[in-house]
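Trainee: The structure's right below; bear with me while I get my questions together.
The values are calculated or read from the model by the stated rules, or taken from the named source; none is laboratory data. Everything quoted here is computed from the prediction, not taken from an experiment. Note that each Cβ is placed from the backbone with ideal geometry, even for glycine, and that neighbours are counted across all protein chains shown. Just the protein is used for accessible areas: all its heavy atoms, side chains included, with ligands, DNA and RNA removed. Shrake-Rupley method; radii C 1.70, N 1.55, O 1.52, S 1.80 Å.
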Amino acid sequence: MSTPFIEFRNVRFAYGEREILRDISFAVADGDFAAIMGGSGSGKTTLLRLMTGQIRPNAGEILIHGKALSDFTRDELYDYRRSMGVLFQFGALFTDLSVFDNVAFPLREHTKLPESVIRDLVILKLNAVGLRGIEKLMPAELSGGMARRVALARTIALDPALMLYDEPFTGLDPISLGVIAHLISRLTRTLKATGVMVTHDIGKSLELVDQVIFLAQGEIVFTGSPAQMQNTDLPWVKQFISGSPDGPVEYRYPAPTTLQQDLTA
């Protein structure tokens, strides 16, 4: 078998004394698209931050193409980050820059290409997301769906080998969500990139990905294909799919005392 693009081996992570991830192990094959799912606070975004090297695990290893991320030199870490594209939640466009300058930003930051070539590349990337002709607009002039597509154009500016998506469907209407989902799938496959997406969305996400990694209380409770996820009997996953208030995820905060005890104290 080929070496996975990303592999977590018995990773543990805590913010101070608050443990977030416990004994996390999984692999994402080169060219595959994986979804990380789970309830709020389960550690999904922390996994992304570990993948990018922003934070380091307290224990265990994170391997990129078989090499421990903790062993990367500064130049190797820089090259690795340059090879990834990140679509942030809500897009995170630079509000004081035009659409053109937003998409051009990574090209200007990480390459020495002449402006004439950067211009052609920006137009090409905007055309890929169906927005050619809006180069002069400012982010405040865009709808939510358009802003997300501009952010996606910026994400693919350097033709990344690794695409990371942090809740890409949040706040979108059904039509915009469908458009973004189609573009994410098409562009990730066209670039032959490895994809990792943190998401709460069930319907569209399961149509896009090859693998689902499901977190609950800082542990992986399920990993498998979308079809296997939909057919599993695991209580955590079944409650997540159905959206039921009854199950292992409680909506009440686990206070140490009951209301009756508080009233009689």
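Trainee: I want to confirm something. Restricting to the stretch 150-185 and keeping residues that are over 18 Å from Ser205 (Cβ atoms) and charged (D, E, K, R), which single residue is most open to solvent (accessible area, probe 1.4 Å)?
Mentor: My answer is Asp159.
Trainee: For Asp120, indicate whether it is out of contact with any Phe, Trp or Tyr (no Cβ under 7 Å at 6 or more places or on another chain), surrounded by 14 or more Cβ atoms within 10 Å (Cβ to Cβ) and not in a loop (DSSP other than H, G, I, E, B).
Mentor: It is false that Asp120 is out of contact with any Phe, Trp or Tyr (no Cβ under 7 Å at 6 or more places or on another chain), surrounded by 14 or more Cβ atoms within 10 Å (Cβ to Cβ) and not in a loop (DSSP other than H, G, I, E, B).
Trainee: Among the numbered criteria (1) modelled with pLDDT of 70 or more; (2) open to solvent by 30 Å² or more (accessible area, probe 1.4 Å), which single criterion is violated by Gly195?
Mentor: Only one criterion in (1) modelled with pLDDT of 70 or more; (2) open to solvent by 30 Å² or more (accessible area, probe 1.4 Å) is unmet by Gly195, namely (2).
Trainee: If Gly130 passes every condition in (1) open to solvent by 50 Å² or more (accessible area, probe 1.4 Å); (2) closer than 26 Å to Ile20 by Cβ but one, which one does it miss?
Mentor: Evaluating Gly130 over (1) open to solvent by 50 Å² or more (accessible area, probe 1.4 Å); (2) closer than 26 Å to Ile20 by Cβ leaves (2) as the failure.
Trainee: Could you tell me whether the stretch 81-98 includes any residue that is farther than 28 Å from Gly53 by Cα and aromatic (Phe, Trp, Tyr)?
Mentor: No, the conditions are met nowhere in the stretch 81-98.
Trainee: Another one. Restricting the search to the stretch 198-208, which residues are part of a helix (DSSP H, G or I) and surrounded by fewer than 17 Cβ atoms within 10 Å (Cβ to Cβ)?
Mentor: Glu207
Trainee: Kindly establish whether Gly145 is among the small types (Gly, Ala, Ser), touching a residue at least 24 places away in the same chain (Cβ under 8 Å), closer than 16 Å to Asp201 by Cα and assigned to a helix (DSSP H, G or I).
Mentor: no
Trainee: Sticking with this one: Among strands (runs of 3 or more DSSP E) lying entirely in the stretch 1-90, which contain 2 or more residues that are in contact (Cβ under 8 Å) with a residue 12 or more places away in the chain and open to solvent by 70 Å² or more (accessible area, probe 1.4 Å)?
Mentor: Of the strands (runs of 3 or more DSSP E) lying wholly inside the stretch 1-90, those with at least 2 residues that are in contact (Cβ under 8 Å) with a residue 12 or more places away in the chain and open to solvent by 70 Å² or more (accessible area, probe 1.4 Å) span 6-15, 18-28.
Trainee: Pairs, please: C-beta under 6 Å, at least 6 apart or cross-chain, first residue small (Gly, Ala, Ser) and in the stretch 212-228, second surrounded by 15 or more Cβ atoms within 10 Å (Cβ to Cβ) and not in a strand (DSSP E or B)?
Mentor: Ala216/Ser42; Ala216/Trp236; Gly218/Gly43
Trainee: Considering each of Thr190, Thr194 in turn, give the residue that is among the hydroxyl-bearing types (Ser, Thr, Tyr) and in contact (Cβ under 8 Å) with a residue 24 or more places away in the chain.
Mentor: Being among the hydroxyl-bearing types (Ser, Thr, Tyr) and in contact (Cβ under 8 Å) with a residue 24 or more places away in the chain holds for just one of Thr190, Thr194, which is Thr194.
Trainee: Related question: Which of (1) in contact (Cβ under 8 Å) with a residue 40 or more places away in the chain; (2) assigned to a helix (DSSP H, G or I); (3) open to solvent by 80 Å² or more (accessible area, probe 1.4 Å) is the odd one out, the single condition Phe94 does not satisfy?
Mentor: (2)
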